[in-house]
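S.K.: Dropping the structure in here first, questions after.
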């Protein structure tokens with residue numbers, strides 16, 4: 001099942017399985033190109049729940065990415081492998097830090113038959129995706145904080161016991177009585193006390209493990225989306241880029257083309273704005289609600305918060321008002337006008353008209369282009385000054401520059417930023433590159449025609 005906010009890879013603390021290698025570890029030279037910040041996935045679950053199989057399936061789907069899988073690290077001599085004390089979390093954190101920096105890490109090997117560390121350890125190269133897999137990978141908050149996605153594999157206890165019996169007797173040469181005794185004394189109590197409670201930290205829960213192909217496909221799709229996004233989405237958890245399709249890329253091509261007519265520019269800009277607005281609404285708080293359909297059946301749906309308003313930054317932001325009204329019937333919309341003194345580098349509030357009760361509302365702030373971020377920061381400061389909680393503001397735009405995102409996230413890290421594309425940067429005139437020109441002039445048809453060259 002998916003939990004709300006599903007919108008967040010090394011295999012960390014594992015059982016007796018040896019870790020597998022990605023293509024970057026299997027003999028070929030690692031790619032020497034600059035390494036991006038890795039996308040880290042934690043995969044937890046009870047013993048024999050199918051964690052490793054789930055990881056293998058994710059890796060198989062991501063065969064065009066550099067993926068590394070590392071087991072949770074055991075402490076030498078520990079017998080109760082299902083207790084948090086049996087794992088060497090400090091070494092794991094040290095290895096993860098090296099991999100995040102783009103350095104090679106040495107992962108200790110553990111022999112479950114002799115209960116000893118095997119030298120030499122395994123060398124692990126940096127990767128695009130790191131999968132941390134183990135029964136207690138979600139137990140320690142320091143390890144959880146490393147993860148971009150947390151998965152819990154939830155499998156029936158009888159199925160897990162059957163798998164463990166088969167594995168320990170066939171692969172490890174133990175007798176049935178010994179396995180059942182260990183399960184009763186250590187495995188089940190530790191599962192109830194430590195492993196099961198960690199499920200509450202998961203972003204995604206996979207019932208039936210590897211048999212749930214639909215859930216795994218959704219996870220892989222989400223990972224691909226995140227990997228395809230700008231690196232800023234990995235640095236800032238409050239930045240969201242809508243999933244790019246050929247249709248969206250096609251509309252961007254038209255609105256960015258200097259030769260596109262005003263009529264076509266407005267038409268395709270409106271379509272893009274509608275998509276951004278609808279995506280932004282998905283970040284509002286909601287409650288489940290059961291309704292009865294015309295067939296007499298019960299449907300469990302959701303209702304979003306009713307305390308909502310829009311605020312457009314004049315004048316480009318006004319182009320987004322129609323889409324917001326189309327999505328939210330009767331919504332109140334306020335306005336903010338900010339004067340930018342390019343010479344002094346200051347922002348001055350010229351005009352504001354906002355709902356009197358705006359401090360009690362969630363606010364959708366509208367401006368199609370986030371350039372330097374100065375006007376946006378000023379607008380947010382006005383809203384915060386009116387008593388709007390920072391976390392209640394969602395800033396919607398079509399394109400954003402890295403500089404603008406840095407400025408916003410540095411000043412207001414709790415404001416959500418929803419955009420359809422992050423561009424390369426700003427030029428000397430502080431215009432977004434490649435950008436789409438002066439949006440307001442193109443949308444409202446007020447661009448001044450330049451005289452022909454002499």
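The values are calculated or read from the model by the stated rules, or taken from the named source; none is laboratory data. Since the model is a prediction, treat every value here as computed from it, not as a measurement. Backbone-built Cβ (ideal geometry, glycine too); neighbour counts: all protein chains shown.
Residues are listed down the side, and each one gets a yes or a no for (1) buried (at least 17 other Cβ atoms within 10 Å of the Cβ); (2) within 30 Å of residue 437 (Cα to Cα):
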{"position": "172", "(1), (2)": "no, no"}
{"position": "175", "(1), (2)": "no, no"}
{"position": "187", "(1), (2)": "yes, no"}
{"position": "195", "(1), (2)": "yes, no"}
{"position": "198", "(1), (2)": "yes, no"}
{"position": "205", "(1), (2)": "yes, no"}
{"position": "208", "(1), (2)": "no, no"}
{"position": "250", "(1), (2)": "no, yes"}
{"position": "254", "(1), (2)": "yes, yes"}
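S.K.: If you check 350, 313, which single one turns out to be in contact with a strand residue (DSSP E or B) (Cβ under 9 Å, 6 or more places away or on another chain), surrounded by fewer than 16 Cβ atoms within 10 Å (Cβ to Cβ) and under 22 Å from residue 444 (Cα atoms)? Reasoning before the result, please.
M.R.: On the way: 313 fails: surrounded by fewer than 16 Cβ atoms within 10 Å (Cβ to Cβ).
Only one candidate qualifies: 350.
S.K.: Which condition number does residue 99 fail, the rest of (1) over 29 Å from residue 192 (Cα atoms); (2) at pLDDT below 85; (3) in a helix (DSSP H, G or I) being met?
M.R.: (2)
S.K.: Can you find even one residue in segment 226-246 that is within 23 Å of residue 72 (Cα to Cα) and either touching a strand residue (DSSP E or B) at 6+ places or on another chain (Cβ under 7 Å) or surrounded by 19 or more Cβ atoms within 10 Å (Cβ to Cβ) (or both)?
M.R.: No - not one qualifying residue is present in segment 226-246.
S.K.: Another question about this same structure. Of (1) surrounded by 19 or more Cβ atoms within 10 Å (Cβ to Cβ); (2) in the same structural domain as residue 99 (by TED's automatic domain parsing); (3) more than 30 Å from residue 240 (Cα to Cα); (4) modelled with pLDDT under 85, residue 15 satisfies all except one. Which?
M.R.: Result: residue 15 passes all but (2).
S.K.: Hey, can you tell me all the residues within segment 372-396 that are part of a loop (DSSP other than H, G, I, E, B) and either crowded, with 22+ Cβ neighbours inside 10 Å or on the phi > 0 side of the Ramachandran plot (or both)?
M.R.: Within segment 372-396, 373, 387, 388 meet the criteria.
S.K.: Let me ask something additional. In segment 110-139, what count of residues is obtained for those that are under 28 Å from residue 175 (Cα atoms) and at pLDDT 70 or above?
M.R.: 4
Every residue, every condition in (1) farther than 24 Å from residue 42 by Cα; (2) in a helix (DSSP H, G or I); (3) not assigned by TED's automatic domain parsing to the domain that holds residue 283, yes or no:
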position: 179; (1), (2), (3): yes, yes, yes
position: 190; (1), (2), (3): no, yes, yes
position: 197; (1), (2), (3): no, yes, yes
position: 221; (1), (2), (3): no, yes, yes
position: 244; (1), (2), (3): yes, no, no
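S.K.: For the structure I just gave you, tell me whether residue 130 is over 19 Å from residue 207 (Cα atoms) and under 22 Å from the mean Cα position of the chain (by Cα). Before you say what the answer is, go through the steps one by one.
M.R.: Working: over 19 Å from residue 207 (Cα atoms): yes; under 22 Å from the mean Cα position of the chain (by Cα): yes.
For residue 130, the condition - over 19 Å from residue 207 (Cα atoms) and under 22 Å from the mean Cα position of the chain (by Cα) - is met.
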